[in-house]
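J.: Here's a structure for you.
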Amino acid sequence: MPYKPKRPCAYPGCGRLAEREQYCAEHQKAMDKHYNQYERDPASNKRYGRAWKRIRDRYIKSHPICEECDKQGKLTPAEEVHHILPLSKGGGNEKSNLMALCKSCHSRITAESGDRWGRSNL
């Protein structure tokens, strides 16, 4: 499958090329840290700590294919784990509340539900 063309890093003054993200690898890490420290709700940092990372890694290992793409007959590697009922709305980390998704499916589902931006379309 062909890759998207590389784009210049969006970080001011950086001339490196970014493969999949908006920023090069070095600046993506810095921007993620900035988001987690200053923009993300502090309560969510507690919910997504070391324990979540372990749960996520185990779930991805047992579900390596995106569950949404698999329903459509596509074989896409899963990169993220999605809570069907968000933790903020009373969901938990049980296997029945988790889905393995590729980045595009996870972004689409999150945008449709409005979870990331504080809006709810449910």
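The values are calculated or read from the model by the stated rules, or taken from the named source; none is laboratory data. Not measured: the values here are computed from a predicted model. A quick note on method: Cβ atoms are made from the backbone with ideal geometry, for glycine too, and the neighbour counts reach across all protein chains shown. The area values use the complete protein model at the heavy-atom level, side chains included, leaving out ligands, DNA and RNA. Shrake-Rupley method; radii C 1.70, N 1.55, O 1.52, S 1.80 Å.
J.: Among (1) modelled with pLDDT under 85; (2) surrounded by 13 or more Cβ atoms within 10 Å (Cβ to Cβ); (3) not in a loop (DSSP other than H, G, I, E, B), which single condition is Asn45 missing?
T.: (2)
J.: I would also like to ask the following. What residue, among those in region 15-34 that are assigned to a helix (DSSP H, G or I) and touching a strand residue (DSSP E or B) at 6+ places or on another chain (Cβ under 9 Å), is most open to solvent (accessible area, probe 1.4 Å)? Quick ask: steps written out before the conclusion?
T.: Pass one, region 15-34, residues assigned to a helix (DSSP H, G or I): 25-34.
Subset that is touching a strand residue (DSSP E or B) at 6+ places or on another chain (Cβ under 9 Å): 25, 27-28.
Values: Ala25: 90, His27: 27, Gln28: 37 Å².
Filtering first and then ranking leaves Ala25.
J.: Hey, among the residues in region 67-81 that are hydrophobic (A, V, I, L, M, F, W, C) and assigned to a loop (DSSP other than H, G, I, E, B), which one's surrounded by the fewest Cβ atoms within 10 Å (Cβ to Cβ)?
T.: Per the criteria, the residue is Leu75.
J.: If only one of Ile60, Ile84 is touching a strand residue (DSSP E or B) at 6+ places or on another chain (Cβ under 7 Å) and open to solvent by 50 Å² or more (accessible area, probe 1.4 Å), which one is it?
T.: Answer to the check: Ile84.
J.: Between a residue in region 61-78 that is closer than 14 Å to His106 by Cα and any residue that is assigned to a helix (DSSP H, G or I) and among the aliphatic types (A, V, I, L, M), which pairs come within a Cβ distance under 9 Å, given they are 6 or more apart or on different chains?
T.: Note: pairs meeting the criteria are Glu68/Ile109; Ala78/Ile60.
J.: How many of the residues making up region 87-101 are over 16 Å from Arg58 (Cα atoms) and either surrounded by 12 or more Cβ atoms within 10 Å (Cβ to Cβ) or modelled with pLDDT of 95 or more (or both)?
T.: As a first pass, look at region 87-101 and keep what is over 16 Å from Arg58 (Cα atoms): 87-91.
Still in the running and either surrounded by 12 or more Cβ atoms within 10 Å (Cβ to Cβ) or modelled with pLDDT of 95 or more (or both): 87-88, 91.
Selection size over region 87-101: 3.
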